[in-house]
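Down below is the structure, laid out as structure tokens.
The numbers here are math on the coordinates, done by the rules we state, and not lab data. Computed from a predicted structure; not experimentally measured. In this analysis, Cβ positions are derived from the backbone assuming ideal geometry, glycine residues included, and neighbour counts consider all displayed protein chains.
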There are 2 protein chains.
Amino acid sequence: MTSAEKTEKTLRADARRNREKIFAAARELFARDAEGVQMEEIASHAGVGVGTIYRHFPTKQALLTEMVRTRFSRFTEIALEAERIDDPREAVETLIRQSCVEVEGDAGFQLAMMSPDELEWEGIEQEKAAFAEPATRIIDRAVESGAVRSDFSFADFPMLMCGITSTMYFAPAGSDWQRHLDLILAGLRPG
Amino acid sequence: MTSAEKTEKTLRADARRNREKIFAAARELFARDAEGVQMEEIASHAGVGVGTIYRHFPTKQALLTEMVRTRFSRFTEIALEAERIDDPREAVETLIRQSCVEVEGDAGFQLAMMSPDELEWEGIEQEKAAFAEPATRIIDRAVESGAVRSDFSFADFPMLMCGITSTMYFAPAGSDWQRHLDLILAGLRPG
DNA sequence: TCGGAAGCGGAATTCCTGTTCCACTTATTG
DNA sequence: CAATAAGTGGAACAGGAATTCCGCTTCCGA
């Protein structure tokens, strides 16, 4: 039985409610201060005891990973939407720009974007693969049509996101990562 | 009496030796694994007890900041060298590229590049100012000569370094940050 | 050479957080 | 409405890492 099935069927009504409260609290706090979140904090914010969190998630990391996974699926949606855009360059630029927008304001997610392996976000391989498909199509199409430099490929995507995301995460007082993005997009043009 | 003066004059011979051993050990370990360094580790690597470290540096952070400061002065040298290059574009590109090279291989320094305020690198303002002067001249010259996009300015420098550095720091198994740098440099061209 | 000040080592302390445990509640089911 | 299994709270525990403390050692000037 998967974790999802357990949530749906087996769980007692009050337990299901708590699970959701925990999840919501964790998401909010993790988004606010990724590295500083503490279990006690999440618990009190959710109105439960720490023990209750551990009934639902084996470790802190598991809880955080679960949230990153949920959040990650949005990327696939973004990619599928971008794929509908006719102009090849506009499609790539939208893909990248929208991905950045999605990450903005969620420090926890930013951290996950930056540390591919470092922080052991294991178990989101499936989501990554689901995103890679449409994203690769968009990028390859742009390359073939000459809309971006010929050596650009999907392999560059994580690296670019890492760089731009770090600007969001570390930059003092939200100075604009958009500028960083603009430079990158300009750099992607053929020539 | 400044810390430097104390090192020169007041310190007992053996104490001065120890101070240097500690500094060297800390530099090496911090470069290798910035976030993982421990005081015990630095101490044993330097061949002293932890207590001895605390005789020389009030806190761990102070020790690390001291190292970052030392390292930072190299940037100014790089900028002064780059300023001697005639071609304005080549000068900027050298400035940026060499700065990256300087940071490569030193995880601790990479971390310092990324977190301007986060990790409280207080006390290196002077070094930063010394670097800003020649760097600003190089960038302004390039802008005026039309060698780079007209909206580029020194204010962008920290942001770019943050992005590229994060690629070095987080990228799995040293995948090339050079590519990131190339994209940025391409993006800086006028157009 | 000697006295005392400076310096040293490293066990002990402190603080901080994730995780465990279990007596106590609460939902569910017949 | 029991009986019971499921779920809960939060104090206690555990382990990690920075920092302190102090009896002992080493340097250095007279």
at A:Ala130 the sorted inter-copy label distances (label 7 Å from Cα on Cβ side), in nanometres, are 5.4
Beyond 34 Å, what share of the Cα-Cα pairs of the protein assembly as shown is found? Please give it as a whole percent.
-> 40
May I ask which residue of B:Asn18, B:Phe152, A:Ile96 lies farthest towards the positive end of the charge dipole of the protein assembly as shown, with charges of +1 (Lys, Arg) and -1 (Asp, Glu) on Cβ and the Cα centre as origin?
-> B:Asn18
In a Debye calculation with equal point scatterers on the alpha-carbon sites of chain A and no solvent, what is log10 I(q)/I(0) at q = 0.11, 0.12, 0.17, 0.18 Å⁻¹?
-> -0.57, -0.66, -1.09, -1.17
Tilt relative to chain A, helix A:13-32 - C-alpha long axis, 0 to 90 degrees, to 10 = 50
When you look at the Cβ of every residue in B:164-171, what mean number of other chain Cβ atoms sits within 10 Å?
-> 6
Please compute P(r) over all alpha-carbon pairs of segment B:58-164, binned at 5 Å starting from zero, and give each bin as a whole-number percent.
-> 2, 13, 23, 24, 18, 11, 6, 2, 1, 0
With the 8 Å Cα cutoff and a minimum separation of six or more residues, chain A has a relative contact order in percent of 20
Please turn the phi angles of segment A:122-128 into ³J(HN,Hα) values with the Karplus equation 6.51 cos²θ - 1.76 cosθ + 1.60 (θ = phi - 60°), one per residue in order, whole Hz, x for glycine and proline.
-> 7, x, 10, 4, 4, 5, 4
Semi-axis lengths (Å, descending) of the ellipsoid that matches the C-alpha gyration tensor of segment B:9-57 = 20, 10, 8
Quick one: angle between helix A:60-83 and the longest Cα principal axis of chain A, in degrees between 0 and 90, rounded to 10, please.
-> 30
What Kirkwood hydrodynamic radius do you get for segment A:59-111 when you take the inverse of the mean 1/r over all pairs of distinct Cα atoms, in Å?
-> 12.0
In degrees between 0 and 90, to the nearest 10, how far off the longest principal axis of chain B does helix B:177-188 point, with axes built from Cα atoms?
-> 40
Quick calc, the protein assembly as shown, dipole around Cα centre from Cβ unit charges on Lys, Arg (+) and Asp, Glu (-), nearest 20 debye, gives 980
log10 I(q)/I(0), Debye, Cα-only segment B:126-191, no solvent, q = 0.18 Å⁻¹?
-> -0.76
Shielding by partners - mean other protein chain Cβ count within 10 Å, residues of B:178-190 | 5
